[in-house]
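Enquirer: Can you read through this structure? Questions will come right after.
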Amino acid sequence: MTAQAAPTIVDDAVQPQRAAMLAMGTANPLNCMPQDEYADWYFRVTRSDHLINLKENMKKICRNSGIKKRYFHHSEETFRRHPEPAVRDQPSLDDILATAVPELAAAVALRAIDECGRPASDITHLVFTTYSGMHMPGADLRLASLLGLPSSVKRTSMYFHGCSAAVAALRVAKDLAENNPGARVLVASAELTLILFRAPQEDHIDELVTQALLSDGAGAVIVGAGGADEGPLFEMVSAAQTTLPNSEDGADGQLYASGMVFCPSAKLPALVRENVEQCFVEGVGPLVPSGGGSNDLFWAVHPGGLAILDSVEGGLALAPGKLDASRHVLSEYGNMSGTSIIFVLDELRRRGDLQPGGLGVMLGIGPGITMETMLLRVAAA
């Protein structure tokens, strides 16, 4: 697929204040579960072993997920002490989430701050995203306290953006950095699936997909403009958001006293396949140099599942291997919702295949259905 002809990207000499990702970090909780053991564990802790057919359905989903292992904050001990989440429609454990979410976010933010080489006191803005609970004051305030950020730090919280959350947060960070000289924006994303944990039920088979794919993790990125001395990783050239028509029920979630229920629609992969090329052309295509196409770019795509990655690959006619970083993250960590994209960016840079000045696209796919796209350029070595 070839993008529409357009002018080459504006030169840095003309636009010196373009935002860039200066540092990043990722982390997971300690509890690791092999995917081939998960169904047996899940039905055991929820006391649902009598639902034999439902368990077999879940085992099939797990086998076909492309996931080797996942990480969780909760464990069997969690449900021994607090049996509520393992019983359907019982109150969720908001007290655990209120503490664990900002603590996991703080651990990963410290890694990014350490890599950046500047103290936490230099952070001017904090953009925090999660679907794992909602409180007043929010987890962002607790996170700022744990990190020792200055009392003047400007906080922005983004809740329930799902699998496009971190890309959306980075879009906000780009705007903040480019419009506030000297700003250093910390983007932090932390997700704990405890809010989604509930016992299986035969008339809610679709919920097994959520239980079989989602996992816990956190990612952080520091964004700034004009920070060449800090060794930028990716320049953030442009960002766009597109909402697909008639797609509101493509990823349906609702928050209850017992936690969140999330049911992705079976039509989601088809929606992605049918619309991803147009979103690319309209969102970032005009800034790709004339004659460039999707296979001339590197790709950081949210690993929502094998069906999602296959749909992006097919819709853009990508060459084999273009989504290897996303497939690796899915295999090794599962779907960590919006946080996953930071793991993909980290995997891309670790592989060492990116060339200075090379262009790429970051793509998040969330409820709406909303596609968040950002054109990136690999910074000079």
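Enquirer: Tally time: how many residues in region 342-381 are closer than 27 Å to ASP249 by Cα and basic (Lys, Arg)?
Expert: So the count comes out to 0.
Enquirer: Out of all the residues in region 112-143, which are of a type in the set (A, V, I, L, M) and in contact (Cβ under 8 Å) with a residue 12 or more places away in the chain? Quick ask: steps written out before the conclusion?
Expert: To start, the set of residues in region 112-143 that are of a type in the set (A, V, I, L, M) comprises 112-113, 120, 123, 126-127, 134, 136, 139, 141, 143.
Matches in region 112-143: ALA112, ILE113, ALA120, ILE123, LEU126, VAL127, MET134, ALA139, LEU141, LEU143.
Enquirer: A follow-up question, please. Where in region 62-177 are the strands (runs of 3 or more DSSP E), entirely inside, with at least 1 residues that are farther than 27 Å from PHE197 by Cβ and of a type outside the set (S, T, N, Q)?
Expert: Values: elements: 69-72, 125-130, 154-159.
Qualifying strands (runs of 3 or more DSSP E): 125-130, 154-159.
Enquirer: Still on this model: Please find, among ASP310, ASP346, the residue that is part of a helix (DSSP H, G or I) and over 22 Å from VAL221 (Cα atoms).
Expert: Numbers: ASP346 fails: over 22 Å from VAL221 (Cα atoms).
Only one candidate qualifies: ASP310.
Enquirer: Restrict the check to region 348-371 and report whether at least one residue is among the hydroxyl-bearing types (Ser, Thr, Tyr), surrounded by fewer than 23 Cβ atoms within 10 Å (Cβ to Cβ) and under 30 Å from LEU208 (Cβ atoms).
Expert: As a first pass, look at region 348-371 and keep what is among the hydroxyl-bearing types (Ser, Thr, Tyr): 370.
Of the ones still in play, those that are also surrounded by fewer than 23 Cβ atoms within 10 Å (Cβ to Cβ) are 370.
Retained after the next criterion (residues that are under 30 Å from LEU208 (Cβ atoms)): 370.
Checked against the condition, which is being among the hydroxyl-bearing types (Ser, Thr, Tyr), surrounded by fewer than 23 Cβ atoms within 10 Å (Cβ to Cβ) and under 30 Å from LEU208 (Cβ atoms), region 348-371 yields at least one hit.
Enquirer: Give the residue, chosen from SER294, SER326, SER337, that is open to solvent by less than 10 Å² (accessible area, probe 1.4 Å), over 17 Å from the mean Cα position of the chain (by Cα) and of a type in the set (S, T, N, Q). Give the derivation first.
Expert: On the way: SER326 fails: over 17 Å from the mean Cα position of the chain (by Cα); SER337 fails: over 17 Å from the mean Cα position of the chain (by Cα).
Matching residue, one of SER294, SER326, SER337: SER294.
Enquirer: Can you find even one residue in region 63-79 that is among the small types (Gly, Ala, Ser), outside the structural domain of SER340 (by the TED database) and either free of Cβ contacts under 8 Å to residues at least 40 places away in the same chain or open to solvent by less than 10 Å² (accessible area, probe 1.4 Å) (or both)?
Expert: yes
Enquirer: Which ones in region 329-372 are within 17 Å of VAL167 (Cα to Cα), modelled with pLDDT of 95 or more and of a type in the set (S, T, N, Q)?
Expert: ASN335, SER337, THR339, SER340
Enquirer: Scan region 298-314 and give yes if some residue there is open to solvent by 40 Å² or more (accessible area, probe 1.4 Å), among the small types (Gly, Ala, Ser) and within 21 Å of the chain's Cα centre (by Cα), otherwise no.
Expert: Yes, there is a match, as at least one residue in region 298-314 is open to solvent by 40 Å² or more (accessible area, probe 1.4 Å), among the small types (Gly, Ala, Ser) and within 21 Å of the chain's Cα centre (by Cα).
Enquirer: For region 34-59, enumerate the residues that are open to solvent by less than 30 Å² (accessible area, probe 1.4 Å), outside any helix (DSSP H, G or I) and out of contact with any helix residue (DSSP H, G or I) (no Cβ under 6 Å at 6 or more places or on another chain).
Expert: SER48, LEU51
The values are calculated or read from the model by the stated rules, or taken from the named source; none is laboratory data. Every value quoted in this text rests on a predicted model; they were computed, and no experiment measured them. Heads up, the Cβs are rebuilt from the backbone with ideal geometry, glycines too, and the neighbour counts pull from every protein chain shown. Surface accessibility is based on the protein's heavy atoms, side chains included, excluding ligands, DNA and RNA. Shrake-Rupley method; radii C 1.70, N 1.55, O 1.52, S 1.80 Å.
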